[in-house]
Amino acid sequence: MAFPLFDRPADEPSRFVGFSGGRIDRLSENRSEDSLPAALADPDARYLIQASGRMWLKQAGEAFDPWFARTEIDVLPVVLDKAIFLGLQDGRPVIALPGKAEPEALPEPLKAIDNRSVYVQGLADEPTLGAVALAASLLAWNAATRFCGRCGSPTEMRIGGYKRKCTGCGAESFPRTDPVAIMLTVTRERCLLGRSPHFPPGMYSALAGFIEPGETIEDAVRRETFEESGIRIGRVAYHASQPWPFPHSLMIGCFGEALDETIDADLTELEDCRWFTREETRAIVAGTHAGGVRMPPPGAIAAHLIKTWAGSD
Ligand SMILES: [Zn+2]
């Protein structure tokens, strides 16, 4: 049996998806109650600000900058006592803060831009996108975990925002990650793409769904594909993963081997679901599909699954 490690290319496919370029050292083993106060006291600390799922960025012409210095923070409407210490990047503390102003109330040159657009429109480099992803997820988790799930008492932030502790029963909660299977179903000649009603015009993508408790990734791929398309899947191969922390998803990208080709789509979830030949799929990747079918945005793991299959023999 072939051992599935040493013959792999050194460049992991996950390195090429959006939000995977984060370089923050989370200091997971060395966090204490002093980490956040020390970071806040450091004049070299850099800050990211989020409010209502939107990143605050300074606009200078075509350029956008989401990094703020302490001197800038002190005059902005932010909630300093809900600061989260994300870790160190290039030796400097990185802190995430909730903002408390509506997008239209922000002073110039600030703009509040939703996280997905920051990435789709290429407003930040990869290390910054990785930091944005971490900030968005931890801010959302801390804001949504204010009460204990066990006894209902208020919880308090610990170790700079990577843990919360109940003030009543002492139970500890940790940030969550929700696994999602995203799979390109293929035969030797064709791949299966679907279209959700909320997609931009012309866009088709790989099918996806949350992995359920007690389920393997492979079983989730088979179940979700059958539920959405009526296609039964045999073998499943993991390809790459993508953090999608809005708020807590981890996309787990796989290829699934179709055992039959008769589509019976769930039209409550999908507007359309079709097979595409390799030639058609290559045209979709190249942006020249005769029917105007388009790919998901570059950097999306679905785009990488589609490109990888289209480029194979
Ligand atoms: Zn409790």
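The values are calculated or read from the model by the stated rules, or taken from the named source; none is laboratory data. Just so we're clear, the structure is a prediction, and the values are computed from it rather than from any experiment. When we count neighbours, we look across all protein chains shown, and the Cβ atoms used for this are built from the backbone with ideal geometry, even at glycine. What goes into the accessible areas is simple: the full protein's heavy atoms, side chains included, and nothing from ligands, DNA or RNA. Shrake-Rupley method; radii C 1.70, N 1.55, O 1.52, S 1.80 Å.
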Of GLY287, ALA105, GLY299, which is farthest on the positive side of the dipole of the chain, counting Cα position, with +1 on Lys and Arg Cβ, -1 on Asp and Glu Cβ, and the Cα centre as origin?
ALA105
Looking at segment 1-65, which GluC sites (Glu not before Pro) are DSSP coil and have at most 14 other C-beta atoms within 10 Å of their C-beta?
GLU33, GLU62
What number, rounded to the nearest 500 deg cm²/dmol, is the helix-based mean residue ellipticity at 222 nm of the chain, given -39500 (n - 2.57) per DSSP H run of at least four residues and division by all its residues?
-6500 deg cm²/dmol
Among residues other than ALA290 whose Cβ falls under 11 Å from its Cβ, what is the net charge (Lys/Arg +1, Asp/Glu -1)?
-2
So, R0 is 41 Å and r is the distance between the beta-carbons of SER153 and SER117; what FRET efficiency does that work out to, to 0.05?
0.60
Largest first, what is the accessible-area ranking of ARG46, ARG232 with a 1.4 Å probe?
ARG232, ARG46
So, for segment 38-82, what is the accessible surface per residue at a probe of 1.4 Å, expressed in square angstrom?
51
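Return the loop-located chymotrypsin sites (Phe, Trp or Tyr not before Pro) in segment 1-93 (DSSP other than H, G, I, E, B) with at most 13 other Cβ atoms within 10 Å of their own Cβ; answer none if there are none. If you can, show how the numbers build up before the last one.
Numbers: sites: PHE6, PHE16, PHE19, TYR47, TRP56, PHE64, TRP67, PHE68, PHE85; in loops: PHE6, PHE19, TRP67.
The qualifying sites are PHE6.
Given Cα positions, please report Rg to Rh for the chain, the hydrodynamic radius being the Kirkwood one.
1.01
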For segment 77-214, just say rounded, prolate or oblate: build the C-alpha gyration tensor, square-root its eigenvalues into a ≥ b ≥ c, call rounded for a/c under 1.5, and beyond that prolate if a/b exceeds b/c, oblate if not.
oblate
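Placing unit charges on C-beta atoms (Lys and Arg positive, Asp and Glu negative, everything else neutral), compute the dipole magnitude of segment 38-179 about its Cα centre in debye, rounded to 20.
Here the size comes out at about 720 debye.
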What net charge is computed for the residues neighbouring ARG31, neighbours being all others with C-beta under 10 Å from the C-beta of ARG31, Lys and Arg scored +1, Asp and Glu -1?
0
What net charge is computed for the residues neighbouring VAL221, neighbours being all others with C-beta under 14 Å from the C-beta of VAL221, Lys and Arg scored +1, Asp and Glu -1?
-4
For segment 195-313, what does the accessible surface come to per residue with a 1.4 Å probe? Please give it in Å².
49
Filter on LYS100/LYS163; LYS82/LYS163; LYS82/LYS165; LYS111/LYS163 - keep pairs with C-alpha separation over 25 Å
LYS111/LYS163
When the accessible area of segment 200-266 is split by element with a 1.4 Å probe, what percent falls to carbon and sulfur?
57
Skipping prolines and chain starts, which residues have an amide H placed within reach, meaning under 5 Å, of the one on MET203, given they are 5 or more residues away or on another chain?
ARG294
Where a Cα-Cα gap under 17 Å defines reach, which aspartates and glutamates qualify for LYS307, not counting those fewer than 8 residues away within the same chain?
ASP11, GLU12, GLU189, GLU257, GLU279, GLU280
HN-Hα J couplings of segment 174-191 from phi, Karplus 6.51/-1.76/1.60, θ = phi - 60°, integer Hz, Gly and Pro as x?
10, x, 9, 9, 9, x, 10, 8, 10, 9, 9, 7, 9, 10, 5, 10, 9, 10
Among LEU27, SER52, ILE84, flag the residue with its Cα farthest along the positive direction of the charge dipole of segment 21-86, charges on Cβ as +1 for Lys/Arg and -1 for Asp/Glu.
SER52
Heavy atoms only, probe 1.4 Å: what % of the accessible area of segment 103-168 goes to carbon and sulfur, would you let me know?
50
Antiparallel DSSP beta bridges within the chain, percent to nearest 5
75
Accessible surface of THR177 - all protein chains present, 1.4 Å probe, nearest 10 Å²
90
Computed over the chain: longest principal axis from alpha-carbon atoms vs helix 126-144 long axis, angle to nearest 10 degrees, is 70
From highest to lowest solvent-accessible area (probe 1.4 Å; ligands, DNA and RNA excluded), GLU72, GLU12 read GLU12, GLU72
C-alpha long axis of helix 217-229 to longest principal axis of the chain, angle in °:
60
I'd like the Karplus ³J(HN,Hα) series for segment 301-309: coefficients 6.51, -1.76, 1.60, θ = phi - 60°, whole numbers in Hz, and an x wherever there's a Gly or Pro.
4, 4, 4, 5, 4, 5, 4, 4, 5
